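The values are calculated or read from the model by the stated rules, or taken from the named source; none is laboratory data. Not measured: the values here are computed from a predicted model. Virtual Cβ from ideal backbone geometry, glycine too; neighbours counted across all protein chains shown. Please note that ligands, DNA and RNA were not included when accessible areas were found on the heavy atoms of the full protein model with its side chains. Shrake-Rupley method; radii C 1.70, N 1.55, O 1.52, S 1.80 Å.
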Amino acid sequence: MKILIVEDEIKLGNYLKQGLNEAGFVVDTAVDGLDGQHLALTEKYDLIILDIMLPFIDGLKLIQTIREENIATPILLLSALDKTQDKVKGLDTGADDYLAKPFDFAELLARVRSLLRRKGKEIKQPNIEIGDLSVDLIKRVVSRNGKKIDLTNKEFLLLEFLLSYKGEVVTRSLIASNVWDINFDSDRNVIDTMVKRLRSKIDCGFEKKLIHTVRGIGYILELR
Ligand code: CA
């Protein structure tokens, strides 16, 4: 799952990014409201963590813009302004939860998971099935034909990403920017190797294959 952090305190932003990376999330960061707005409107995120006091565009205005664009991504608001009126204002504007600074990372992580669970229940089934493959996105359990498949964190992220584009071709650069944080254009082998490993776990030994190569472009996940 992919999270956007918009936070102008660089140190805090990096600390959150590192913690969320370690918890298995892909994280993009923006250090001002303008950059944050650009990313929020052009990329697909599962959750946005937003500071209120930001350069150029503040967090509350940013929420308004995001909701006006009909983007329903859960938003967790962060702010040093621990006043009831700001909390109310934030939630009224369209934030889903609010956390006052300073906070423990453990609490932030618990709230992130809670928002994602809620989103999973509301928007999509946390459990995805395609043929005899079953993926529980919240518990991160994958099985095929009832048999559990152990995946590494990156392999799971890759599978989750391919599933989100089920039946559509995804390019290597799209995979690179969503499953890894950086641009892997220069090293496509990394992606090919990872897909090969995932494929050997998901498809090997099964008659119907799920992950297919689209020559010169990328990959597609569908039952064939
Ligand atoms: Ca700030």
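Apply the Karplus parameterisation 6.51 cos²θ - 1.76 cosθ + 1.60, with θ equal to phi minus 60°, to every residue of segment 31-38 and state each ³J(HN,Hα) to the nearest whole Hz, in sequence, with x for glycine and proline.
Here the 3J(HN,Hα) series is 9, 8, x, 5, 4, x, 4, 4 Hz.
For segment 20-118, which whole-number percentage of the solvent-accessible area (1.4 Å probe, protein heavy atoms only) is attributable to carbon and sulfur atoms?
Of all accessible area on segment 20-118, carbon and sulfur atoms account for 49 percent.
Taking H placed 1.01 Å from N in the peptide plane, check which residues at least 5 places from LEU133 or on another chain put their amide H under 5 Å from its amide H.
Amide H neighbours of LEU133, under 5 Å, 5+ apart: ASN145.
Determine the share of segment 139-224's accessible area contributed by carbon and sulfur atoms, expressed in whole percent, with a 1.4 angstrom probe.
51
What are the ³J(HN,Hα) values, in whole Hz, obtained from phi via the Karplus relation 6.51 cos²θ - 1.76 cosθ + 1.60 with θ = phi - 60°, for each residue of segment 199-212 in sequence order, with x given for Gly and Pro?
4, 5, 7, 8, 9, 4, x, 10, 5, 8, 9, 10, 9, 10
LYS83 to ASP136: extension gain in nm, 0.36 nm per residue of separation minus the Cα-Cα distance?
15.3 nm
Translational diffusion coefficient of segment 53-177 at 4 °C, 1.567 mPa s, Stokes-Einstein with Kirkwood Rh over Cα pairs, in µm²/s as a whole number.
Rounded to a whole number, D works out at 76 µm²/s.
Got a sec to turn the phi values of segment 153-170 into Karplus ³J(HN,Hα) couplings, 6.51 cos²θ - 1.76 cosθ + 1.60 with θ = phi - 60°, whole Hz, x for Gly and Pro?
4, 5, 5, 5, 4, 5, 4, 4, 5, 4, 5, 5, 10, 3, x, 10, 6, 10
Scan around ASP58 for amide H atoms under 5 Å from its own, H built in the peptide plane at 1.01 Å from N, and keep only partners 5 or more places away or cross-chain.
Amide H to amide H, under 5 Å and 5 or more residues apart or across chains, ASP58 pairs with nothing.
Taking amide H positions as placed 1.01 Å from N in the peptide plane, with prolines and chain starts having none, which residues 5 or more places from THR29, or on another chain, fall under 5 Å of its amide H?
Amide H neighbours of THR29: ILE5.
Express in nm, to one decimal, how much length is gained between LYS44 and ARG188 on full extension, taking 0.36 nm for each residue of separation and deducting their alpha carbon distance.
Separation in residues times 0.36 nm, less the Cα-Cα distance, equals 49.6 nm.
Which whole-number value in Å² is the accessible area per residue of the chain, probe 1.4 Å?
Result: 52 Å² of accessible area for each residue.
Semi-axes of the equivalent ellipsoid of the chain: what are they in whole Å, largest first, if each equals the square root of 5 times a C-alpha gyration tensor eigenvalue?
Values for the chain, descending: 34, 18, 15 Å.
Given R₀ = 35 Å, FRET efficiency for LYS11-LEU223 by Cβ-Cβ distance, to 0.05?
Rounded to the nearest 0.05, the efficiency is 0.15.
So if each residue of separation counts as 0.36 nm, and I subtract the Cα-Cα distance between ASP32 and ALA100, what length gain in nm does that give?
Between ASP32 and ALA100, full extension yields 22.6 nm more.
Rank THR84, THR65, THR73 by mean-square fluctuation in a GNM of the chain with C-alpha springs under 10 angstrom and give only the top-ranked residue.
The residue that fluctuates most here is THR84.
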